[in-house]
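Below: the structure, in structure tokens.
The values are calculated or read from the model by the stated rules, or taken from the named source; none is laboratory data. Keep in mind it's a predicted model, so treat the numbers as computed, not measured. Here the Cβ positions follow ideal geometry from the backbone for every residue, glycine too, while neighbour counts run over all protein chains shown.
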Amino acid sequence: MKHKGIRIALAVIEACIGMAAIGGGIALLIGAMDQWLPVTFLQGTPFSDYIIPGLVLTIVVGGGMLLAAATQFIQREWVVLLSVTMGLVMIVWEIVEGAIIDRYEQAVVPSTMVQQVLFSVLDLVIIGLAGYLWMTECRSQHVPILTVITVRIRQASSVVVREIKHENL
């Protein structure tokens, strides 16, 4: 198996993030975080309580990361794409979490900031490692189709440019 070390690193990072997300999601769902994240933090958002964010964190983020970790050693292209997708999902989660929660001074504590920075860095590592796998293992299989698509896009854009120039004359 090519790049076994990279796949092990991805599996470990994704499993750790997945377990943390499931733990955090369950904590939101059962109200264990209420003393640090009161429902008033959700004012002005589409959420009236932490049920939906807890479910998204548990199922989408946690479950998706664990799926990505569990499938890391299957030699399929979709596994690499799943890792990249989950890295992007986590970045979006961190941005939304920051936009909703970090607007309150009492929510911005050093441990929260460290956690957000740590997960953001790990998300970028996931995207980078999965991108490397894509470029080294999967990309060569798609070069002919990518070349055809690129040529077609260039042809279509040149036709559009000619039409625009013709209309402006």
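Restricting attention to the range 7-37, the residues that are under 15 Å from ALA130 (Cα atoms), surrounded by fewer than 17 Cβ atoms within 10 Å (Cβ to Cβ) and β-branched (Val, Ile, Thr) total 2. Within the range 57-88, the set of residues being among the aliphatic types (A, V, I, L, M) and buried (at least 18 other Cβ atoms within 10 Å of the Cβ) comprises LEU57, VAL61, MET65, LEU66, ALA68, ALA69, VAL79, VAL80, LEU82, VAL84, MET86.
Look at the range 123-143: where a residue is within 12 Å of ARG7 (Cα to Cα) and at pLDDT 90 or above and a partner is assigned to a helix (DSSP H, G or I) and of a type in the set (Ser, Thr, Tyr), sitting 6+ places away or on another chain with Cβ atoms under 7 Å, you get ILE126/SER83; ALA130/SER83. Residue-level check: of (1) of a type in the set (S, T, N, Q); (2) surrounded by 15 or more Cβ atoms within 10 Å (Cβ to Cβ); (3) out of contact with any Leu (no Cβ under 9 Å at 6 or more places or on another chain), THR40 misses just (2).
The residue of the range 114-123 that is surrounded by the most Cβ atoms within 10 Å (Cβ to Cβ), among those that are over 15 Å from ALA68 (Cα atoms) and of a type outside the set (Gly, Ala, Ser), is PHE119. Determine if the range 28-49 includes at least one residue that is on the phi > 0 side of the Ramachandran plot and modelled with pLDDT under 90. Yes: one or more hits.
Please determine, by comparing only the residues of the range 104-113 that are surrounded by fewer than 15 Cβ atoms within 10 Å (Cβ to Cβ) and not small (Gly, Ala, Ser), which one is modelled with the highest pLDDT. Filtering first and then ranking leaves MET113. From the set of residues in the range 114-128 that are β-branched (Val, Ile, Thr) and within 14 Å of the chain's Cα centre (by Cα), which is farthest from VAL79 (Cα to Cα)? Per the stated criteria, the residue is VAL121.
Quick grid of which residues meet (1) under 20 Å from the mean Cα position of the chain (by Cα); (2) among the hydrophobic types (A, V, I, L, M, F, W, C):
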residue: HIS3; (1), (2): no, no
residue: ILE8; (1), (2): yes, yes
residue: ALA15; (1), (2): yes, yes
residue: GLY18; (1), (2): yes, no
residue: ILE22; (1), (2): yes, yes
residue: GLY31; (1), (2): no, no
residue: TRP36; (1), (2): no, yes
residue: PHE47; (1), (2): no, yes
residue: GLY54; (1), (2): yes, no
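One residue stands out among those in the range 90-103 that are under 8 Å from the mean Cα position of the chain (by Cα) and surrounded by fewer than 18 Cβ atoms within 10 Å (Cβ to Cβ): the one that is farthest from LYS2 (Cα to Cα), which is VAL92.
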